[in-house]
1. Testing the spin-label approximation: label points 7 Å from Cα along Cα→Cβ at residue 291 and residue 124. State their distance in nm.
2. Could you sort 296-304, 284-292 so that the peptide with the highest average Cβ count within 10 Å comes first and the rest follow in order?
3. Roughly speaking, what is the centre-to-centre gap between region 345-368 and region 71-137 when only Cα atoms are used, to the nearest Å?
4. Using a 10 Å cut-off on Cβ atoms, rank the peptides 227-234, 340-347, 204-211 from the highest mean neighbour count down.
5. Between residue 12 and residue 312, what is 0.36 nm times their sequence separation minus the Cα-Cα distance? Round to one decimal in nm.
6. With an 8 Å cut-off on Cα pairs and a minimum separation of 6 or more residues, tell me the relative contact order of the chain in percent.
7. Could you state the angle between the C-alpha long axis of helix 131-141 and the longest principal axis of the C-alpha atoms of the chain, as a value from 0 to 90 degrees rounded to the nearest 10?
8. Kindly identify region 2-114 as rounded, prolate or oblate by the Cα gyration tensor criterion: order the square roots of the eigenvalues as a ≥ b ≥ c, call it rounded if a/c is under 1.5, otherwise compare a/b with b/c, prolate if a/b is larger, else oblate.
């Protein structure tokens with residue numbers, strides 16, 4: 001193989017695909033990046049057997065072929081080069097020669113036949129979504145994915161496409177994040193559970209502001225996301241995800257409306273001491289104000305927030321990290337928090353007048369208004 005490529009193109013490609021390089025494997029080949037030149041296209045691929053990322057970059061294929069290079073080593077080499085144009089050649093015994101205007105370098109690669117092949121799948125069950133919209137849905141749900149592996153199905157997020165509606169849901173047993181989006185040009189029915197780690201890497205590659213289309217294809221064992229010059233293939237988790245339509249309560253005893261920034265700042269302040277006691281923050285809701293407080297041996301703190309309350313007064317407590325993570329994904333200036341049945345029942349946070357996103361969180365137990 002012999003190719004010519006611009007340094008910036010190569011750097012962008014390595015930076016994108018290396019998100020699928022395994023950091024724990026003892027197999028050297030899985031620490032590598034496959035470089036493939038064919039039909040005047042240059043492809044870079046990384047694959048840790050759960051997620052594979054392939055990116056096509058611009059360049060000139062002088063002689064077709066392929067080689068696997070150590071991902072970390074190749075990144076370190078390319079990012080230190082100053083020349084714009086690079087020529088890469090593969091010689092006998094997987095010896096790689098890299099040349100630029102002022103540099104000659106050689107190092108060893110790996111036989112590309114040992115690199116795991118990408119699964120071959122027919123293109124069906126396809127849906128299309130704006131890049132920025134998918135990025136937002138991932139941001140709204142991925143943080144709620146279970147970090148444990150004792151229940152495989154909830155260590156990922158459900159992606160469901162149902163004839164014009166796309167749903168993404170995640171839970172760890174203590175909170176539940178549900179994002180919905182109307183995508184009228186999609187008329188398929190398909191679903192799969194995307195591993196949390198794959199979802200996070202996908203989110204890093206998606207632009208929050210782009211309206212470029214992402215093609216999503218769900219298969220029995222894999223999901224494929226294609227956008228710009230990137231293709232991401234991830235294994236799907238097995239098992240049954242919880243019935244998301246039955247999780248969110250529909251009737252509430254109390255509801256408050258509050259400015260998002262005011263609530264976020266107040267809980268951040270109150271959680272200073274909550275982190276020392278691992279007890280959470282308490283919300284004392286009455287009339288048109290809410291007192292947010294936390295107590296620990298080291299100290300105590302309370303902060304008053306103006307609210308618009310409907311329904312009953314209430315005292316309830318939450319894990320401060322769980323409620324903060326949920327609040328941070330809201331872009332709206334004002335949100336509502338709905339409480340179903342007192343201090344021992346879940347609360348649901350959502351944007352006012354919208355059902356596109358709902359975040360349910362279970363409370364921390366109280367005894368005589370003290371967090372236990």
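Any read-out appearing in this document is the output of simple, stated calculations on the displayed coordinates, not a laboratory observation. This one's a predicted model, so the numbers in the text were calculated from it and none came from an experiment. Note that each Cβ is placed from the backbone with ideal geometry, even for glycine, and that neighbours are counted across all protein chains shown.
1. 6.3
2. 284-292, 296-304
3. Distance between centres, Cα-based: 45 Å.
4. Working: 227-234: 20.4, 340-347: 16.5, 204-211: 14.0.
The peptides rank, most packed first, as 227-234, 340-347, 204-211.
5. 102.5 nm
6. Numbers: 877 pairs, mean separation 45.7, N = 372.
That works out to 12 percent.
7. 50
8. Rounded, since a/c falls under 1.5.
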